[in-house]
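Q: The following block contains the structure, expressed as structure tokens.
The values are calculated or read from the model by the stated rules, or taken from the named source; none is laboratory data. Treat the numbers as computed from the prediction; the structure is a model and nothing was measured. Cβ placement follows ideal geometry from the backbone for every residue including glycine, while neighbour counts extend to all protein chains displayed.
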Amino acid sequence: MNGVDLTLRTLHDDERDLEQDLLAAAERHRVEHEFHHVATDVARWSREHTTRLAALGRDRGLDLSGPREHPSPGALAALREKASQALGRRPQAGLLLLHDLRDLHLAAVRSSLHWEMLAQAAQATRDRDLLELVTSCHPQTLRQMRWTNTMIKVLSPQLLVNA
């Protein structure tokens with residue numbers, strides 16, 4: 001396995017984790033409707049990235065599983081919903097949201113760096129399939145980063161001062 005293959009595997013795992021982290025944070029902050037809906041939407045990008053990375057990996061002889069299956073809603077989902085409602089808009093919930101945004105931002109930055117590394121390798125080796133994948137997926141990861149960064153900038157003053 002060469003460096004490109006290792007980076008593909010790492011990025012695949014990072015994108016799977018980012019999707020799950022976005023969905024978990026969306027559930028934790030369900031009462032923050034804008035955050036909940038945007039986080040759910042941008043998680044789909046990571047899911048798509050995971051699927052596309054797995055397909056490219058298969059073409060290269062790598063066994064990268066596809067996206068993780070989402071557990072079916074049940075008692076745990078109902079419990080999360082009640083916990084989210086109970087926390088509501090308390091200061092502690094705001095600090096938890098900032099903490100989640102920080103972690104999501106750092107996860108998106110990590111993925112972005114791996115996309116950039118793969119872009120450089122694809123250009124150096126003239127790997128058109130890899131370059132097409134990076135060109136298609138990396139801008140979405142950059143948008144995930146900008147979204148989390150913007151949310152942190154908007155929410156930090158109010159939440160940190162009033163905590």
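Q: If Ala93 satisfies all but one of (1) farther than 12 Å from Arg30 by Cβ; (2) surrounded by 10 or more Cβ atoms within 10 Å (Cβ to Cβ); (3) modelled with pLDDT of 50 or more, what's the number of the condition it fails?
A: Just one mismatch for Ala93, condition (1).
Q: Quickly run through segment 120-135 and pick out the residues that are farther than 15 Å from His12 by Cα and either part of a helix (DSSP H, G or I) or touching a strand residue (DSSP E or B) at 6+ places or on another chain (Cβ under 9 Å) (or both). So that I can check it myself, show each step before the final result.
A: So the first thing to find is which residues in segment 120-135 are farther than 15 Å from His12 by Cα, and the list is 120-129, 131-132, 135.
Across segment 120-135, the qualifying residues are Gln120, Ala121, Ala122, Gln123, Ala124, Thr125, Arg128, Asp129, Leu131, Glu132, Thr135.
Q: Kindly list the number of the only condition in (1) of a type in the set (D, E, K, R); (2) at pLDDT below 95; (3) in contact with a His (Cβ under 9 Å, 6 or more places away or on another chain) that fails for Asp100.
A: Every listed condition holds for Asp100 apart from (2).
Q: Ok, one more. Among what's in segment 6-50 and is at pLDDT below 95 and acidic (Asp, Glu), pick the residue that is surrounded by the fewest Cβ atoms within 10 Å (Cβ to Cβ).
A: Glu34
Q: If you take the residues of segment 123-141 that are in contact with a helix residue (DSSP H, G or I) (Cβ under 6 Å, 6 or more places away or on another chain) and free of Cβ contacts under 8 Å to residues at least 60 places away in the same chain, which of them is surrounded by the most Cβ atoms within 10 Å (Cβ to Cβ)?
A: Val134
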